[in-house]
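The values are calculated or read from the model by the stated rules, or taken from the named source; none is laboratory data. Only a predicted model underlies this, so the values are computations on that prediction, with no experimental measurement involved. Methodologically, a virtual Cβ is constructed for each residue, glycine included, from the backbone with ideal geometry; neighbour enumeration extends over all protein chains shown.
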Amino acid sequence: MHLPGRIGPIRHAVLRLLVLCVVAGTVLAGLLAPVVVGAGLVSNGVSRSAGEVSARHVGPQLDRTRLPLVSTVLDRTGAPMALLFDQYRLPVSYQQISPEMDAAIIAIEDRRFFSDSGVDPRSILRALLADSVGDSTQGASTITQQYVKNYLINVIDRGDPVAQQADRADTIGRKLREAEIAMQVARTMPKTDVLAGYLNVVEFAGNIYGVGAAAKAYFNTTPDRLTIPQAALLAGMVNNPNRYNPYTHPRQALDRRNTVIDAMVQDRSLPVADAATAKAAPLGVVPDGPVIPGGSCLAAAPDAGFFCSYVVSYLAQAGLSADQITTGGYTITTTMDPVASRAIKEAVDRNVPTAQDGVANTFALIRTGTDTHQVLAMAANRNLGTHGDRGERATNIVADPSNVFGAGSAFKIFTTAAALEAGTVGFNSTLPNPPFGCFLPPTAHRHAPCYPVHNDGTNYPDPISLQDALATSPNVAFVNLESRVGVPAVVQMAQRLGLRHTLQANDAGHPPVTDPDNPLSRDPQYSEPQSRYFQDLLSFTLGDSPVSTLEMANVSATVLSDGVWCPPTPILSVTDRNGRPVPIAQEPCEQVVSPGLAHTLAAGLSRDTTAGTSAAAAAAAGWHRPDIGKTGTTNESESVAFVGGVDGYAAASMVFADGTHPREICPGTPVHLGDCGHGAFGGTVAAPPYFAALNQILAGQPDQPIPGPDPAYLRTGDRGPIVPYVVGGQGDAAVTALAQAGYPATVREVTSTAPKGQVVGQTPQGNTPTGTPITLYVSGGTT
């Protein structure tokens with residue numbers, strides 16, 4: 001009978017079958033030459049592609065150093081703070097995998113694993129024949145091929161969905177490439193390494209990768225202790241992790257597990273009697289699992305979340321990307337002191353409850369020193385997280401300039417330091433202090449309006465001593481002093497003493513707006529960094545601009561470290577997956593003011609807790625230690641601050657409105673938003689957590705005295721030359737400017753995110769005799 005409608009399909013099937021036989025024979029010979037497939041052509045590009053992938057990306061042994069691993073963040077005692085990962089994987093060696101697991105995976109996936117050459121021609125031929133007649137249920141991949149496929153998907157192309165789709169494509173080209181790489185792997189890797197490699201790379205359900213993580217997540221055990229039922233369940237899952245998930249599809253998972261056990265019997269790796277016992281066992285997974293730890297700083301303890309977040313951003317600034325951190329298997333030992341951190345967290349939570357509407361209390365603690373400023377704690381009443389209604393914040397409100405209302409009169413520290421350096425005042429000076437004044441900066445044109453300011457209260461003496469002014473904080477005295485010394489000098493001093501990132505932000509606490517299509521790019525308040533925006537604004541000394549709590553603590557650390565600024569570092573050490581040290585670039589420390597000025601400024605700040613604005617809170621806390629302190633309160637009490645230091649510790653506590661409808665902060669139990677008419681002050685609301693936490697941290701430790709004023713800074717007058725401040729300029733121009741001022745300069749290139757060639761630091765600064773060598777730190781970029 002003539003059936004023209006069926007001749008075409010039959011002929012096509014026959015031709016296809018012949019081609020598939022040729023392919024199987026080619027694989028059997030280990031020669032993956034081009035073959036004709038239907039009307040198309042699998043060209044030499046297939047073979048070249050396989051070779052390029054294996055040589056450039058995979059390598060004949062599948063580079064295990066590329067395997068994404070978990071990075072571990074530790075506190076300074078070695079206790080875990082957080083795990084950071086993209087794929088939850090706990091790699092193990094072949095010796096750390098139970099024989100039961102080996103037997104289970106080989107029985108169900110590749111019975112001839114230990115004898116094949118990376119591919120199994122019989123299985124390929126069987127699968128291709130089945131595929132030619134429409135039966136797609138026959139598998140053909142060996143464990144070695146699956147190792148290659150999973151390595152490509154989960155390692156090489158893990159961030160490229162399009163490439164991953166190609167790695168999974170059911171095409172002859174993909175299978176040929178995979179087979180060729182598998183044969184290369186089989187020739188260069190011991191079988192035991194291949195098996196362990198496969199079991200380390202394969203995916204289980206729920207972002208679980210590898211048998212180590214699976215054993216932990218599903219059974220709370222280790223791979224070397226996996227039993228027959230446990231091993232069979234995991235071996236069965238690799239075929240389809242979602243379908244055989246024991247939590248979402250327990251019936252299918254049980255059936256699949258028992259299928260694996262039957263396969264082990266057929267493979268003679270399990271006696272029939274033992275198989276019956278194993279099949280009778282329940283699934284045995286941990287309840288409410290799988291148990292997977294959080295893979296980001298969001299999972300850190302409440303007192304460690306912001307610290308962990310700062311660690312990640314600090315390492316990024318040093319050139320270690322977030323992707324490197326979450327895949328590199330690093331061990332990151334931080335400077336966090338768990339005792340101090342818990343004490344601070346308890347103090348701020350008592351002061352302002354975590355979920356208190358619209359009120360944040362941030363706190364940072366730093367260890368002082370002339371060679372490093374180690375961050376010991378960064379905490380807040382808020383917790384790092386994404387649930388705002390629970391008092392969580394997704395941004396780092398401790399490290400970032402998140403207090404958009406400012407530190408208030410704590411900024412008077414910068415005016416005092418600039419005036420001492422210029423000789424405008426001395427430690428023994430008195431300051432004019434009428435109840436009201438209206439002032440102009442020195443550079444103002446003759447028709448410019450003056451800046452009006454008044455004191456908060458009428459009990460201030462006029463004149464007032466510098467030390468009393470620092471302790472009681474009259475506005476008129478300090479705005480007048482700022483107008484005499486010049487706002488640019490005060491802003492520069494703030495940058496030198498520690499407000500590095502703060503002053504790079506705009507007056508809203510964000511990066512300056514530079515997009516010309518954004519209308520805010522034409523508004524200096526948003527388009528300029530604070531360092532430029534405040535050059536002529538006398539309000540700067542009153543601290544009404546966004547500021548970082550961490551950086552204000554570091555200002556105190558600089559003062560108590562003989563005038564040496566160091567970056568606030570959270571890192572003690574970093575090691576890679578093999579335990580080798582990883583060098584972390586850190587900004588060099590700088591002598592930003594002379595030691596004599598730093599001692600004089602510390603002496604000036606030493607009366608706040610005894611006779612100043614925080615004295616009542618100190619007495620209530622039983623505080624008796626010699627320390628430095630400066631409170632701050634903004635005009636509408638939307639932010640209050642205490643910046644201080646004692647016995648080798650530098651601290652900042654800030655309480656500020658952080659909600660969508662900021663209002664006056666009111667004292668009370670709890671501290672709250674309101675219209676109380678007698679809003680919070682730095683001494684009454686921000687200082688108590690400082691006393692509470694430091695009383696606990698310093699319990700039993702002896703007092704350390706605050707240095708007295710340096711004789712050279714007792715009176716007004718010429719302090720001698722001041723080194724030109726060239727940070728932000730270009731290296732060659734900076735060297736020339738210093739030479740013209742009488743200072744020889746040497747240039748040292750450092751890793752920095754600043755543009756290459758830009759000066760990012762200099763030492764020493766301030767009152768320095770001419771002829772003194774100056775070291776310039778110039779950005780070499782991050783690579």
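The rows are residues; the columns are (1) part of a helix (DSSP H, G or I); (2) buried (at least 19 other Cβ atoms within 10 Å of the Cβ).
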| site | (1), (2) |
| --- | --- |
| Ala650 | no, yes |
| Ser653 | no, yes |
| Phe656 | no, yes |
| Thr660 | no, no |
| Ala737 | yes, no |
Which listed residue is of a type in the set (Asp, Glu), touching a Pro at 6+ places or on another chain (Cβ under 6 Å) and either at negative phi or surrounded by fewer than 16 Cβ atoms within 10 Å (Cβ to Cβ) (or both), from Asp468, Asp523, Asp462: Asp462
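Quick one: is Ala399 in contact with a His (Cβ under 9 Å, 6 or more places away or on another chain), surrounded by 14 or more Cβ atoms within 10 Å (Cβ to Cβ) and not acidic (Asp, Glu)?
Values: in contact with a His (Cβ under 9 Å, 6 or more places away or on another chain): yes; surrounded by 14 or more Cβ atoms within 10 Å (Cβ to Cβ): yes; not acidic (Asp, Glu): yes.
The answer is yes for Ala399.
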Any hit, segment 273-295, residues being without any contact (Cβ under 8 Å) to a residue 24 or more places away in the chain, under 23 Å from Glu203 (Cβ atoms) and among the small types (Gly, Ala, Ser): no
Sole residue being within 26 Å of Asp627 (Cα to Cα) and either part of a loop (DSSP other than H, G, I, E, B) or within 29 Å of the chain's Cα centre (by Cα) (or both), chosen from Ala687, Ala712: Ala687
Subset of segment 475-526 (residues that are over 30 Å from Ser561 (Cα atoms) and among the acidic types (Asp, Glu)): Asp515, Asp517, Asp523
Residue count, segment 601-630 (criterion: farther than 14 Å from Ala686 by Cβ, among the charged types (D, E, K, R) and surrounded by 24 or more Cβ atoms within 10 Å (Cβ to Cβ)): 1
Count of segment 591-629 residues which are of a type in the set (D, E, K, R) and closer than 22 Å to Gly423 by Cβ: 0
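Being in contact (Cβ under 8 Å) with a residue 40 or more places away in the chain and either surrounded by fewer than 21 Cβ atoms within 10 Å (Cβ to Cβ) or over 22 Å from the mean Cα position of the chain (by Cα) (or both) narrows it down to one of Arg500, Arg577, Arg532, so name that one. Give the steps one after another, and end with the answer.
Numbers: Arg500 fails: either surrounded by fewer than 21 Cβ atoms within 10 Å (Cβ to Cβ) or over 22 Å from the mean Cα position of the chain (by Cα) (or both); Arg532 fails: in contact (Cβ under 8 Å) with a residue 40 or more places away in the chain.
Exactly one residue qualifies, and that residue is Arg577.
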Scope segment 464-487; condition under 18 Å from Ala602 (Cβ atoms), under 38 Å from the mean Cα position of the chain (by Cα) and not in a helix (DSSP H, G or I); matching residues: Ser473
Among the candidates Ala316, Ala340, Ala276, residue that is under 17 Å from Thr227 (Cα atoms) and outside any loop (DSSP other than H, G, I, E, B): Ala276
Matching residues, segment 713-771, being without any contact (Cβ under 8 Å) to a residue 24 or more places away in the chain and more than 30 Å from Gln317 (Cα to Cα): Ala739, Gln740
2 or more residues at pLDDT 95 or above and either small (Gly, Ala, Ser) or buried (at least 22 other Cβ atoms within 10 Å of the Cβ) (or both): qualifying helices (runs of 4 or more DSSP H) within segment 168-252: 191-201, 210-219, 228-237
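Take the residues in segment 488-524 that are of a type in the set (A, V, I, L, M, F, W, C) and outside any helix (DSSP H, G or I), then tell me which one is nearest to Ser606 (Cα to Cα).
Going through the qualifying residues, I end up with Leu499.
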Criterion: out of contact with any helix residue (DSSP H, G or I) (no Cβ under 9 Å at 6 or more places or on another chain), outside any helix (DSSP H, G or I), in contact (Cβ under 8 Å) with a residue 40 or more places away in the chain and not basic (Lys, Arg) - qualifying residue of Pro353, Pro401: Pro353
Members of segment 405-419 found to be aliphatic (A, V, I, L, M) and over 15 Å from Phe681 (Cα atoms), listed by number: Ile413, Ala417, Ala418, Ala419
Members of segment 605-627 that are part of a helix (DSSP H, G or I), of a type outside the set (S, T, N, Q) and within 15 Å of Val643 (Cα to Cα): Asp608, Ala615, Ala617, Ala618
